[in-house]
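Peer 1: Have a look at this one before I ask anything.
Every read-out reported here was derived from the displayed coordinates using simple, explicitly stated rules and does not represent laboratory data. Keep in mind it's a predicted model, so treat the numbers as computed, not measured. Cβ placement follows ideal geometry from the backbone for every residue including glycine, while neighbour counts extend to all protein chains displayed.
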Amino acid sequence: MSRAPVLQTERLVLRGHTKADFEACAALWGDPGVTRFIGGRPFGWDEVWARLLRYVGHWCEMGFGFWAVCEKEGGRFVGDLGFADFKRVMEPGFGDTPEMGWALIPDVHGKGYASEAIAAALAWADGHFEDPRTVCMIAPENAASLRAAQKAGFTEYARTDFHGETVLLERFRAS
């Protein structure tokens with residue numbers, strides 16, 4: 001069984017999720033401001049529970065997954081970030097390329113936490129993925145996530161339809 005490694009940045013700790021994170025995750029994914037560009041609606045408790053179990057399961061079965069993002073000072077949960085294989089059905093597909101994603105509580109938007117956590121996760125991936133390519137999917141209206149992705153080095157390579165919505169597909173370290 002693989003467990004998420006702990007990553008630290010100047011202000012953040014990225015650690016594996018536990019069931020004790022459920023209420024904080026439910027608050028994150030139940031916030032309409034957070035889900036506006038990720039599914040378009042707040043997630044119910046049952047959906048958040050399945051998400052939390054999926055995060056843990058990724059580490060166990062894939063050797064990578066999502067981290068709980070917490071402030072180093074005080075330990076407050078501020079979001080989710082990491083890599084996944086969600087088996088998305090779309091064209092073009094991601095194949096076996098890990099998909100990166102992130103979501104942070106509105107209270108920390110604009111503080112650079114996303115960029116800080118993305119950089120730490122990509123540095124981890126560089127030493128752990130055989131193929132250094134990573135992808136992400138972002139709604140074109142999500143300017144903040146697009147800025148964070150571009151700052152990290154992601155570049156757009158396609159636009160496609162996913163569940164009736166146009167999304168941008170971004171690639172990191174394309175060969």
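Peer 1: Show me, for segment 92-104, the HN-Hα J-couplings you get by feeding each phi into the Karplus relation (A = 6.51, B = -1.76, C = 1.60, θ = phi - 60°), rounded to Hz, glycine and proline as x.
Peer 2: In residue order, the calculated couplings are x, x, 8, x, 8, 6, x, 9, 8, x, 7, 8, 10 Hz.
Peer 1: Using Cα-Cα distances under 8 Å and only pairs 6 or more residues apart, what relative contact order does the chain have, in percent? Write down the numbers at each step before the final one.
Peer 2: Details: 301 pairs, mean separation 33.2, N = 175.
After rounding, I find 19 percent.
Peer 1: Using only C-alpha positions, report the orientation-averaged shadow area of the convex hull of segment 27-101, nm², one decimal. Working shown, then result.
Peer 2: Details: hull surface 23.8 nm².
The orientation-averaged projected area of the Cα hull of segment 27-101 comes to 6.0 nm².
Peer 1: Tell me, what ³J(HN,Hα) does each residue in segment 5-16 have, in order and in whole Hz, if you take phi through Karplus 6.51 cos²θ - 1.76 cosθ + 1.60 with θ = phi - 60° and put x for Gly and Pro?
Peer 2: x, 8, 10, 10, 10, 4, 10, 10, 10, 9, 9, x
Peer 1: Compute the signed sum of charges (Lys and Arg +1, Asp and Glu -1) over the other residues within less than 15 Å, Cβ to Cβ, of residue 32. Don't jump to the answer; show the numbers that get you there.
Peer 2: Numbers: positive: 36, 41; negative: 31, 47, 107, 141.
For residues surrounding residue 32, the net value is -2.
Peer 1: A further question follows. Under 8 Å for C-alpha pairs, at least 6 residues apart: give me the relative contact order for segment 77-134, rounded to a whole percent. Display every interim value, and only then the final one.
Peer 2: Working: 46 pairs, mean separation 21.5, N = 58.
Across segment 77-134, relative contact order equals 37 percent.
Peer 1: Would you mind computing the Rg to Rh ratio of the chain from its alpha-carbon coordinates, Kirkwood style for Rh?
Peer 2: Details: Rg = 15.0 Å, Rh = 16.3 Å.
Rg divided by Rh gives 0.92.
Peer 1: Still on this model: List the residues whose amide H sits under 5 Å from the amide H of residue 139, counting only those 5 or more places along or on another chain, with H placed 1.01 Å from N in the peptide plane.
Peer 2: 168
Peer 1: With each pseudo-label sitting 7 Å past Cα toward Cβ, what's the residue 50-residue 141 distance in nm, one decimal?
Peer 2: 2.4 nm
Peer 1: As an exercise, identify the trypsin sites (Lys or Arg not before Pro) in segment 1-30 lying in DSSP coil whose Cβ has no more than 16 other Cβ atoms within 10 Å. The partial results should precede the final answer.
Peer 2: Working: sites: 3, 11, 15, 19; in loops: 3, 11.
Taking segment 1-30 and a limit of 16 other Cβ atoms within 10 Å, the loop trypsin sites (Lys or Arg not before Pro) found are 3, 11.
Peer 1: Taking a virtual spin label 7 Å from the Cα of residue 165 along the C-beta vector, which residues in segment 96-137 bring their backbone nitrogen under 12 Å of it?
Peer 2: Within reach of a label on residue 165, which here means backbone N under 12 Å from a point 7 Å along Cα→Cβ, segment 96-137 contributes 137.
Peer 1: Considering only the other residues whose Cβ falls under 11 Å of the Cβ of residue 150, what net charge follows from Lys and Arg at +1 and Asp and Glu at -1? Can you show the working numbers first?
Peer 2: On the way: positive: 147, 151; negative: 156, 170.
With Lys, Arg at +1 and Asp, Glu at -1, the neighbours total 0.
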